[in-house]
Amino acid sequence: MKSGLEYQTVPGSESRIPIDPIAFRNALGAFITGVTIVTTCDTQGRLVGLTANSFNSVSLDPPMILWSLGLKSNNLHAFRNARWWAVHILSSEQVSVFFKAALPQVV
């Protein structure tokens, strides 16, 4: 018997967590337009993040999203070589987080 739950692999492990398809649909349905922050770690283990307004839902079954990164992005190498990445959907109260992620960081 199918439970109706999809599963997602937890970054850095073989563990899998359930994704409730109704909650997934409701979350993506509430995101009309806006900005997200996409994060990962580079090959040295440093956090890498960027703002992305190219975020879209693609499929509920299986649960899939899409975001785009330009070929000239300074973060392209980190995301191409990443084992995982995460999308953070921001609320209007999180404008300061957006501006911090939108500006290039000097290392």
Practice prompt. Those residues that are surrounded by 15 or more Cβ atoms within 10 Å (Cβ to Cβ) and hydroxyl-bearing (Ser, Thr, Tyr), I need them from the stretch 41-76; list them, please.
Written response: Thr51, Ser57
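Out of all the residues in the stretch 58-65, is one or more within 11 Å of the chain's Cα centre (by Cα) and closer than 27 Å to Ser96 by Cβ? Full working, then the answer.
Narrowing the stretch 58-65 to residues within 11 Å of the chain's Cα centre (by Cα): 64-65.
Cutting the leftovers down to closer than 27 Å to Ser96 by Cβ gives us 65.
Checked against the condition, which is being within 11 Å of the chain's Cα centre (by Cα) and closer than 27 Å to Ser96 by Cβ, the stretch 58-65 yields at least one hit.
I need the full set of residues from the stretch 1-49 which are of a type in the set (Asp, Glu) and modelled with pLDDT of 80 or more, in order please.
Asp20, Asp42
If I go through the stretch 56-82 residue by residue, how many of them are part of a loop (DSSP other than H, G, I, E, B) and in contact with a helix residue (DSSP H, G or I) (Cβ under 9 Å, 6 or more places away or on another chain)? Even if it seems obvious, please write down each step before you answer.
Going through the stretch 56-82, the residues part of a loop (DSSP other than H, G, I, E, B) turn out to be 61-62, 67-75, 81-82.
Filter once more, keeping what is in contact with a helix residue (DSSP H, G or I) (Cβ under 9 Å, 6 or more places away or on another chain): 61, 69-70, 73.
Residues in the stretch 56-82 being part of a loop (DSSP other than H, G, I, E, B) and in contact with a helix residue (DSSP H, G or I) (Cβ under 9 Å, 6 or more places away or on another chain): 4 in total.
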Discussion item. Can you list residue pairs whose Cβ atoms sit under 8 Å apart, with the first residue in the stretch 80-107 being exposed (fewer than 11 other Cβ atoms within 10 Å of the Cβ) and the second being of a type in the set (D, E, K, R) and at pLDDT below 90? Count only pairs 6 or more apart in sequence or on different chains.
Written reply: none
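The values are calculated or read from the model by the stated rules, or taken from the named source; none is laboratory data. Quick caveat: nothing in here was measured; it's all calculated off a predicted structure. Neighbour counts are summed over all protein chains in view; Cβ atoms, including those assigned to glycine, are modelled from backbone coordinates with ideal geometry.
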